[in-house]
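> Following this message is one structure expressed as structure tokens.
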Amino acid sequence: MAVKEGIFRYRVITNLNCNMSPNCYFCYQPYKPNMYLDIEKAKDTMRKVGILKRATIMGGESTLREDLPDFIALCKEYVSQNVCLVTNGILLDEEKILSYKEAGLTEVAISISSLQQYRDRREQALLCKKVGLTEVAISISSLEQYHQRRNQCLLCKQYISQYKN
Ligand code: SF4
């Protein structure tokens, strides 16, 4: 099947609930009912749409789902390039990260909105890199934050290079 031009990526919202709720003041989605994407419906949609370049998997917090590897594998089947997981990173451990990678995950974007969160999640970010998820990115939500963290974050270089071009 040819890669579709014009539509760039799938955004797969696996669930709306989040283990950080209601602690993130900037959350785009303050109301978080326990709603879960049915994988059969996602399959149907992807069958109709076809192959795109990329997929981004996000929530809520997708790592709350035990069947997240199934969603990753499904996305892998329907993209020609990357499958990225956007996560707050809290639940990531080596076993989970390996299972996601084996299912086809290629990138992890860990959202960070404070210096405390940077400290708390650095270990998970380094674990992702260790297993070869090459585009681990820490999202920083303001220019001020970027300046504050520039010298502290081992992964910033990679983050910055993504946005330089
Ligand atoms: S971790 Fe993300 S989804 Fe969860 S409450 Fe914070 S901003 Fe919202």
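What follows draws every value from the coordinates through simple rules; no lab data is involved. The structure presented is a predicted model; accordingly, all values stated were derived computationally and were not measured. Reconstructed Cβ throughout: ideal geometry from the backbone, glycine too, with neighbour counts over all protein chains shown.
> Please go through segment 99-123 and pick out each residue that is surrounded by 15 or more Cβ atoms within 10 Å (Cβ to Cβ) and in a helix (DSSP H, G or I). Don't jump to the end; show me each part of the working.
First, the residues of segment 99-123 that are surrounded by 15 or more Cβ atoms within 10 Å (Cβ to Cβ): 100-101, 103-113, 117-118, 121-122.
The answer is TYR100, LYS101, ALA103, GLN117, TYR118, ARG121, ARG122.
> Do any residues in segment 101-121 that are among the acidic types (Asp, Glu) have Cβ atoms under 7 Å from those of residues that are in a strand (DSSP E or B), where the two are at least six apart or on different chains, and which pairs are they?
GLU107/CYS84
> So, of the residues in segment 39-55 that are in a strand (DSSP E or B) and crowded, with 19+ Cβ neighbours inside 10 Å, which turns out to be farthest from the ligand (Cβ to nearest atom)? Before the answer, list the steps.
Step one: filter segment 39-55 for residues in a strand (DSSP E or B), giving 51-52, 54-55.
If we keep only those that are crowded, with 19+ Cβ neighbours inside 10 Å as well, we get 52, 55.
Values: LEU52: 23, ALA55: 18 Å.
Out of the qualifying residues, it is LEU52.
> Mind counting the residues in segment 85-112 that are touching a helix residue (DSSP H, G or I) at 6+ places or on another chain (Cβ under 6 Å) and over 19 Å from TYR10 (Cα atoms)?
The first filter runs over segment 85-112 and keeps only residues touching a helix residue (DSSP H, G or I) at 6+ places or on another chain (Cβ under 6 Å), leaving 87, 89, 91-92, 94, 97, 99-100, 103-105, 108, 110, 112.
If we keep only those that are over 19 Å from TYR10 (Cα atoms) as well, we get 89, 91-92, 94, 97, 99, 112.
Residues flagged as touching a helix residue (DSSP H, G or I) at 6+ places or on another chain (Cβ under 6 Å) and over 19 Å from TYR10 (Cα atoms) within segment 85-112 amount to 7.
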